[in-house]
Amino acid sequence: MLHSMTSEPEQQIGVGTKDAFQRLWTPHRMAYIQGENKPTGPGAEDGCPFCSIPAKSDEDGLVVARGEQVYAVLNLYPYNGGHLMVVPYRHVADYTELTGPETAELGELTKQAMSALRAASGAHGFNIGMNQGTVAGAGIAAHLHQHIVPRWGGDTNFMPVVGHTKILPQLLADTRKMLADAWPVG
């Protein structure tokens, strides 16, 4: 059992290789798990971060690109470096509630996000999708958002555990600027 929160490896009896768990330490996710920045209810007025982000500067809101109907923003609690989300400005929960123009622009910004991620970071592949409803894993179910997660060979699959390799970290502000600079025009 850990007795203190330090970065020093501590022998953990019965868990295999010393320090194996500490290599996967992602303390930024604890804020998400504890509910930071989550709305208090289903309405736009209930503290929905996706409704408040557009009013911020691109830098403060981690916005990478803005369209007329949707915007692209970095995930504040990313699964991988460069983890983006494409979000409609309008507070809707379900994909079937999008208008035709919203659906088209969501698709177009997704394509642009992929191009920017390839240009800026050499992404090898992507996980793209949305979780519809709390039971499907949506952290903020009341406001639709599509995830674009860049992937590289050996990034976050079994390699961190078996191969003891890590993802290279980057500050979100630096990632936002890098992607905004690489965003395709038009």
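Filter the range 67-80 down to the residues that are open to solvent by 40 Å² or more (accessible area, probe 1.4 Å) and touching a strand residue (DSSP E or B) at 6+ places or on another chain (Cβ under 7 Å), then identify the one that is modelled with the lowest pLDDT.
Tyr79
Could you please give the count of residues in the range 105-131 that are part of a helix (DSSP H, G or I), open to solvent by less than 70 Å² (accessible area, probe 1.4 Å) and either in contact with a His (Cβ under 9 Å, 6 or more places away or on another chain) or free of Cβ contacts under 8 Å to residues at least 40 places away in the same chain (or both)?
4
Give the residue, chosen from Tyr77, Tyr95, that is closer than 21 Å to Ala142 by Cβ, within 17 Å of the chain's Cα centre (by Cα) and of a type in the set (Ser, Thr, Tyr).
Tyr77
Of all residues being among the small types (Gly, Ala, Ser) and in contact with a Ser or Thr (Cβ under 7 Å, 6 or more places away or on another chain) in the range 81-103, which is least open to solvent (accessible area, probe 1.4 Å)? Just the residue, please.
Gly82
The values are calculated or read from the model by the stated rules, or taken from the named source; none is laboratory data. Every value quoted in this text rests on a predicted model; they were computed, and no experiment measured them. With ideal geometry, Cβ positions are generated from the backbone for all residues, glycine too; neighbour counts draw on all protein chains shown. All accessible areas refer to the heavy atoms of the entire protein, side chains included, with ligands and DNA or RNA removed. Shrake-Rupley method; radii C 1.70, N 1.55, O 1.52, S 1.80 Å.
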